1. Can you sort ARG155, ARG67, ARG89 from fewest to most other Cβ atoms within 10 Å of each residue's own Cβ?
2. Can you compute the FRET efficiency between ARG111 and ARG43 using 1/(1 + (r/R0)^6), with r the Cβ-Cβ distance and R0 = 45 Å? Round to the nearest 0.05.
3. On full extension of the chain, what length is gained from LEU79 through ARG103, given 0.36 nm per residue of separation minus the C-alpha to C-alpha distance?
4. Given R₀ = 35 Å, FRET efficiency for ARG89-THR161 by Cβ-Cβ distance, to 0.05?
5. Hey, with R₀ at 35 Å, roughly what FRET efficiency would LEU33 and ARG177 work out to, going by the Cβ-Cβ distance, to 0.05?
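A short reminder: the numbers here are calculations on the coordinates, not readings from a lab. Computed from a predicted model, the values in this text were never measured in an experiment. With ideal geometry, Cβ positions are generated from the backbone for all residues, glycine too; neighbour counts draw on all protein chains shown.
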Amino acid sequence: MYEAEATADMLLMTAQSAPAPAHREAPSSPEALLIRAVLAGNRDSFASLYELYAPMVHGILLARVPRTEVEDLVQDIFLHAFKKLATLRDANAFGGWLAMITRNRAMDFHRYARATIEVKEEHAIGDRRKKAKAEEILNVIRSLPDAYRETLVLRLVEGMTGPEIASRTGLTAASVRVNLHRGMKLLRAKLGMQEEAETRA
């Protein structure tokens with residue numbers, strides 16, 4: 001889905017190799033080992049990082065920008081992260097660092113967009129209602145507070161588990177559980193209110 005190898009090729013061709021910082025602590029996580037290998041020029045290691053973290057980046061963006069813009073922004077973010085990878089002080093904090101880049105890029109998108117872009121897609125006749133309902137639910141999720149909407153999209157759309165969300169984003173497992181619990185409660189309430197309004201209409 002995310003064309004990791006093609007992206008890795010593009011990044012390795014376009015980005016200048018940057019030496020790893022002299023004072024780097026011994027890696028203590030699989031991600032840290034992959035980052036060290038990427039900085040040494042290993043393309044497969046970047047593809048592995050991409051596969052691990054693309055769902056997180058995709059989900060954070062989906063919670064914040066129109067769906068039609070997400071795929072391009074995912075590529076932009078990984079290109080930027082690759083170029084700045086040597087500046088990351090703690091390789092074990094890669095997930096939180098990448099999540100911050102993603103949130104900032106989403107804010108930039110809205111800051112510089114000429115006008116709000118509405119999500120419009122061609123639907124097959126048989127799938128029209130199902131897709132419309134999914135889009136409606138996504139719009140309701142986007143109306144929730146930041147912490148809830150991001151965690152819900154990562155869980156419900158990207159299919160990440162609570163522990164995966166915590167490890168990728170740098171949040172604590174307790175925060176993820178609270179965000180999911182409160183977010184689901186708000187989502188159900190809002191969907192219930194919408195259904196009530198539709199029934200009255």
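1. Values: ARG155 20, ARG67 15, ARG89 10.
Listed from fewest to most nearby Cβ atoms, that is ARG89, ARG67, ARG155.
2. Values: r = 33 Å, r/R0 = 0.74.
Efficiency computed from Cβ-Cβ geometry: 0.85.
3. Details: separation 24, 0.36 × 24 = 8.64 nm, distance 1.52 nm.
That pair, LEU79 and ARG103, stretches by 7.1 nm at full extension.
4. Values: r = 28 Å, r/R0 = 0.80.
My answer for the efficiency is 0.80.
5. On the way: r = 28 Å, r/R0 = 0.81.
Efficiency for this residue pair is about 0.80.
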